[in-house]
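Asker: Before anything else, here's the structure in question.
The values are calculated or read from the model by the stated rules, or taken from the named source; none is laboratory data. Note that the structure is a prediction, hence the values are computed from the model and not measured. Here the Cβ positions follow ideal geometry from the backbone for every residue, glycine too, while neighbour counts run over all protein chains shown.
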Amino acid sequence: MHRRLGKKLPINPPGLCQISIILHFFWEIKVTAVVLLLPLPLLLKELCASVLASIVLIRCSQKEMAEKGGKGFSLPKGSLKGKDDNSAKSKQGRKVQIDFEDVSDPLEPNSPKTNGKVNTPISKGDSGKGGKASKAASGGKNSVTKAPSPEFKIEEELPKNVKCLMDCEAAEILQGIQDRMVVISADPSIKIPISFDSGLTYAKRGGTFSNPQSVRKILEPLIKYGVSEGEMCMVANLKVESDDEVFALVPSLKSEEGKLRDPLKTALNELAKIQSSV
Amino acid sequence: MFFHIVLERNMQLHPRHFGRDLRDKLVSKLMKDVEGTCSGRHGFVVAITGIESVGKGLIRDGTGFVTFPVKYLCVVFRPFKGEILEAVVTMVNKMGFFAEAGPVQIFVSNHLIPDDMEFQSGDVPNYTTSDGSVKIQKDSEVRLKIIGTRVDATEIFCIGTIKDDFLGVISDPGSTS
């Protein structure tokens with residue numbers, strides 16, 4: 001082996017040859033390392049550049065999103081609000097509420113009527129109960145955004161052997177029972193239920209009419225104009241002050257508004273007289 | 001709204017109550033059983049006002065009990081969708097407020113309170129208009145409209161709104177003080 005090597009490399013003595021081989025080996029390693037390492041910074045540079053570029057791109061897109069984003073999200077709401085002209089101008093904070101209204105807006109025909117009314121004459125003029133109530137309602141200014149107002153149809157839901165009672169009538173009956181209860185209450189097994197007390201307190205609230213018969217006599221003529229007994233009782237219970245108030249609170253009467261307005265006005269005037277005399 | 005209605009119920013009576021005052025015993029048992037109860041169809045039975053008829057008793061097999069069909073007149077209170085009620089506020093929180101109209105509980109969500117009324121927390125939580133002229137707090141009287149009802153075994157619970165014309169506060173306890 002040595003000889004052959006010596007033959008092949010006659011100049012170099014065998015020891016030197018080994019060294020040169022080792023050196024050559026190391027040289028090759030160095031070269032390969034250099035070859036390998038040389039592009040590394042370049043690669044790193046490229047990598048850094050691409051990362052930076054992507055960050056810049058992401059930031060830009062985020063900026064764009066932020067700029068457009070608000071409008072983008074509000075657009076659907078705006079489009080929802082498009083149904084409602086006034087509400088479209090309202091603040092963002094109200095959007096949720098308006099959406100709620102829009103979703104549950106099955107009785108849209110009611111709102112234009114109430115809009116048209118604007119309820120100013122009573123809310124401004126009156127300082128009484130109705131005035132305050134209407135003030136609270138008109139305080140909401142955007143009465144456009146109204147809650148769904150279901151129709152008041154009790155006749156369909158109740159059995160036939162039912163008589164609607166005005167609060168004053170109920171108060172009279174319940175008061176009579178309570179007076180009798182004082183006598184009966186010696187029997188400890190009979191207890192007055194809570195609903196009786198709360199019912200009586202409710203029926204007697206706000207000083208109802210002292211003479212229920214006369215109230216019924218005043219309001220009963222309205223039945224021939226298409227007013228149901230339930231609606232009649234509600235008119236008596238609420239002690240309304242104007243015909244506009246009645247038509248706003250009992251929308252089912254609006255269909256008969258034309259022929260009902262005058263008799264209703266007279267009835268309300270009569271009721272006011274009774275109330276003032278109490 | 002209050003109603004006067006004729007209802008019917010089968011009353012079971014133990015034989016020990018039979019005698020001259022059987023009818024009185026039946027009536028007092030009926031009052032105990034029925035008054036204060038609540039049903040989805042008729043609402044709260046507030047008070048029994050009279051007995052229309054007491055039918056013939058039927059002995060139940062195997063027991064000494066006798067069943068009497070009793071027709072009675074009573075005053076009931078039932079809220080209806082679309083009805084306007086005047087209720088007293090019992091609790092106010094940021095979700096809305098609770099009110100009572102007779103035996104009925106009503107919840108008015110803040111979505112159904114006019115937009116310009118904002119919740120104010122504090123010792124007396126309340127909803128107030130921006131100018132402070134209208135305030136809803138505990139014991140305030142409000143006129144509201146019923147928009148939904150839920151009937152439980154023992155109570156009727158309603159959802160109301162004051163977001164409409166002529167609805168809202170009718171008397172404020174703060175204004176008198």
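Asker: Only residues that are under 17 Å from B:Gly102 (Cβ atoms), hydroxyl-bearing (Ser, Thr, Tyr) and out of contact with any helix residue (DSSP H, G or I) (no Cβ under 7 Å at 6 or more places or on another chain): list them for region B:37-73, please.
Answerer: Scanning region B:37-73 gives B:Thr37, B:Ser39.
Asker: Oh, and also: Can you name the residue in region B:91-106 that is among the hydrophobic types (A, V, I, L, M, F, W, C) and surrounded by fewer than 17 Cβ atoms within 10 Å (Cβ to Cβ) and, of all such residues, is farthest from B:Phe2 (Cα to Cα)?
Answerer: By that ranking, first place goes to B:Met95.
Asker: Looking at region A:214-238 only, could you name the residues that are surrounded by 23 or more Cβ atoms within 10 Å (Cβ to Cβ) and outside any helix (DSSP H, G or I)?
Answerer: If the condition is that a residue be surrounded by 23 or more Cβ atoms within 10 Å (Cβ to Cβ) and outside any helix (DSSP H, G or I), then A:Val227 is the only one that fits.
Residue-by-condition table, conditions (1) out of contact with any Asp or Glu (no Cβ under 9 Å at 6 or more places or on another chain); (2) basic (Lys, Arg); (3) under 27 Å from B:Val27 (Cβ atoms):
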{"site": "B:Phe68", "(1), (2), (3)": "yes, no, yes"}
{"site": "B:Leu73", "(1), (2), (3)": "no, no, yes"}
{"site": "B:Phe80", "(1), (2), (3)": "no, no, no"}
{"site": "B:Glu100", "(1), (2), (3)": "yes, no, no"}
{"site": "B:Val134", "(1), (2), (3)": "no, no, no"}
{"site": "B:Ile156", "(1), (2), (3)": "yes, no, yes"}
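Asker: Only one residue in A:Asp243, A:Asp262 is in contact with a helix residue (DSSP H, G or I) (Cβ under 8 Å, 6 or more places away or on another chain) and at pLDDT below 90. Which one?
Answerer: Being in contact with a helix residue (DSSP H, G or I) (Cβ under 8 Å, 6 or more places away or on another chain) and at pLDDT below 90 holds for just one of A:Asp243, A:Asp262, which is A:Asp243.
Asker: May I pose another question? Would you call B:Lys25 more than 27 Å from A:Leu249 (Cβ to Cβ) and crowded, with 16+ Cβ neighbours inside 10 Å?
Answerer: Answer is yes for this residue.
Asker: Look through B:Ile106, B:Ile170 and report the one residue that is under 26 Å from A:Phe247 (Cα atoms), within 23 Å of the chain's Cα centre (by Cα) and at the interface with another protein chain (Cβ under 9 Å from one of its Cβ atoms).
Answerer: B:Ile170
Asker: If you take the residues in region B:122-167 that are part of a loop (DSSP other than H, G, I, E, B) and among the basic types (Lys, Arg), which one is farthest from the other protein chains (Cβ to nearest Cβ)?
Answerer: Taking the candidates together, the pick is B:Lys138.
Asker: Further question: Suppose we keep only residues that are under 12 Å from the mean Cα position of the chain (by Cα) and part of a strand (DSSP E or B) within region B:76-99. Which one would you say is nearest to the other protein chains (Cβ to nearest Cβ)?
Answerer: So, considering only residues that are under 12 Å from the mean Cα position of the chain (by Cα) and part of a strand (DSSP E or B), the one nearest to the other protein chains (Cβ to nearest Cβ) is B:Phe77.
Asker: Just one of B:Leu30, B:Leu7 is in a helix (DSSP H, G or I) and in contact (Cβ under 8 Å) with a residue 24 or more places away in the chain; which is it?
Answerer: Residue meeting the stated conditions: B:Leu30.
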